[in-house]
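Structure, as structure tokens:
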Amino acid sequence: VNPHGRALPATDDADGARSWRELVNPRWARVLRLLDCDRTWTRGEGVWLEDDHGRRVLDAVGGYGAATVGHNHPRLVQALHEALDAGAPGMVHFGVPPLAGALARRLLELAPPSLHRVYFTNSGTEGIELAIKLARAFTGRPALLSCDHAFHGFTTGALALTGHDPYRERFGDLLASRRVPFGDLDSLERALAPRDVAAFVVEPVQGKGVKLPPPGYLAEAQRLCRRAGTLLVVDEVQTGFGRCGSMFATVADGADEPDVMVVSKALSGGLIPVGAVLARDRVWNATFSSIDRAMVHSSTFHQSPLAMSAALAVLEVVREEQLVERSARLGASLRLQLEALRQHHRSLGDVRGKGLMVAIDLVPPRPLRGRLESSLWPQSFVMTMLDEGGVLAQVVNQRSATVKFTPPLVIEPAEVDRIVRAVDQALGRIDGGALGTSLSALGRMARNLLRRSPAGAATAPREGAAGSRPVTPAAAPPSVR
Ligand SMILES: Cc1ncc(COP(=O)(O)O)c(C=O)c1O
């Protein structure tokens, strides 16, 4: 399926996979085995993935939302080839990079007019770090405010803003920060009242769990922040560039003058890490305030020609293929079709989302509620979707029964239907006998753990070895964004 028909330039795939399991993340390797995802993806085209056994799967995870233009979009691949063929050096910091200038201009054309400066990053979390620094330098205030259940990244500054305690445990004191319930303007107003908050950092739609605020929430949050002298930092890392059926979900909700906007994921085209922080010029100037401070924030790898070429190509594809509109249209169709399944399946709860960021809640039947099996049950659901429906989906975190879909925006209507069929089929399997299905999934997971890996590595845990801890529901299922 690779349009270029080439194999990956791996040394020896089996050997590499074995080394990864052993040397990189043995615990995650065990989780993958448990979930039947212990495979190597060798090819990707559009919404399709192919594994080392030639099995084709529709990718409804889409690189946690990064593969907006689909895997290996020909336009992106061509842009990267051209960038390499041009022979320009990669990381010379003493010079003026035209591709970065072109991308900055393009981003500012798309962004709200309150934003005038661009700094390029290599990830979303790195963008949040810079946003924190900009806000503290500009306001001279220490405190940060974010929302319960927010996700802003794993580096320690971004982690301080992330509203999931398990991610913060064992890492000691983080930056001073407070949290308010997402969507609750009264709480926000109270939290801002002491006028000590540098920034309110918020996602327009919370990626974890796909939580939507009441309409107009962000517009009002912007007003409250302005009144309190707090910067509004919008985290569009996951939602930006069409994911939610608008170019930026924040602007669509009426917050049209943010002080800082952080973007990433989609810009990468799913191939080259890239992100950006867009800011008001006076906010910017408070950090980069003099010649002495011109490099007070920087990174070795940012704004490389490959990253800039990828992002420019992605923005072209988003425009030419009208992916923003497509996301709105096909996202609505996906939600409508999923809602219709509720007539036939009592295990289907809420269906929600914006554009092609969509989630469904699974309802555990009474015998499973609060039991060990209930947290494995959603995992058995996505395993069934993968095995029988040929669709890769994700459970949003280990303590939830929410299944999330963020397929590439280039998805075709027939492929949307395929996701719906896979959900229908998997719901059908659990409706009648959720307890039985859950127990059989438990058995299958146990077998997965005990079987030998495809590369022949023994997978039965060794005493004291990494990965030897029994996989409990809390440790096992993928914790994803
Ligand atoms: C809303 C949001 N902010 C920040 C991040 C962190 O981005 P990255 O994984 O590139 O560090 C993510 C990642 O999922 C995200 O969804």
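Of note:
- Calculation over all alpha carbon pairs of segment 11-56 in 10 angstrom steps from 0 returns a P(r) of 25, 50, 25, 0 percent.
- Axis of helix 323-340 versus longest Cα principal axis of the chain: the two differ by about 40°, to the nearest ten degrees.
- Cα-based Rg / Dmax (Å) for segment 313-368: 15.4, 52
- 0 to 90° range, to nearest 10: angle between helix 305-320 axis and the chain longest Cα axis: 80
- Square roots of five times the Cα gyration tensor eigenvalues for segment 171-256, Å: 22, 16, 11
- If only the Cβ of Lys and Arg carry +1 and only the Cβ of Asp and Glu carry -1, the dipole of segment 1-119 around its Cα centre is close to 360 debye.
- Applying both filters, DSSP loop and at most 12 other Cβ atoms within 10 Å, to the GluC sites (Glu not before Pro) of segment 156-238 gives GLU169.
- The H on the amide N of ALA199, modeled in the peptide plane, is under 5 Å from the matching H of LEU145, LEU231, each at least 5 residues off or on a different chain.
- Fewest-first sequence of GLU257, GLU203 by Cβ atoms within 10 Å of each Cβ: GLU257, GLU203
- Neighbour-count ranking [beta-carbon atoms within 10 angstrom, fewest first] of LYS354, LYS265, LYS211: LYS211, LYS354, LYS265
- P(r) tail, segment 1-149: Cα-Cα pairs separated by more than 24 Å, 58% of all pairs.
- Summarising the amide proton neighbourhood of HIS302: residues at separation of 5 or more, or on other chains, whose placed amide H is nearer than 5 Å comprise an empty set.
- Over the Cα atoms of the chain, the radius of gyration divided by the Kirkwood radius equals 0.96; this is the Rg/Rh ratio.
- Rounded tilt (10° steps) of 217-228 against the dominant C-alpha axis of the chain: 40
- Straight-distance crosslink candidates among lysines, where the alpha carbon sits under 22 Å from LYS354 and sequence neighbours closer than 8 are dropped: LYS208, LYS211, LYS265, LYS404
- Counting every other Cβ atom within 10 Å of each residue's Cβ, CYS225, CYS244, CYS37 order from fewest to most as CYS37, CYS225, CYS244.
- The sum of -39500 (n - 2.57) across all DSSP H runs of n ≥ 4, divided by the residue count of the chain, sets its helix-only mean residue ellipticity at 222 nm to -12500 deg cm²/dmol.
- More than 18 Å apart - percent of Cα-Cα pairs taken over segment 232-369: 67
FYI, it's all coordinate maths here, none of it is from the lab. Quantities reported herein were computed from a predicted structural model and do not represent experimental measurements. Backbone-built Cβ (ideal geometry, glycine too); neighbour counts: all protein chains shown.
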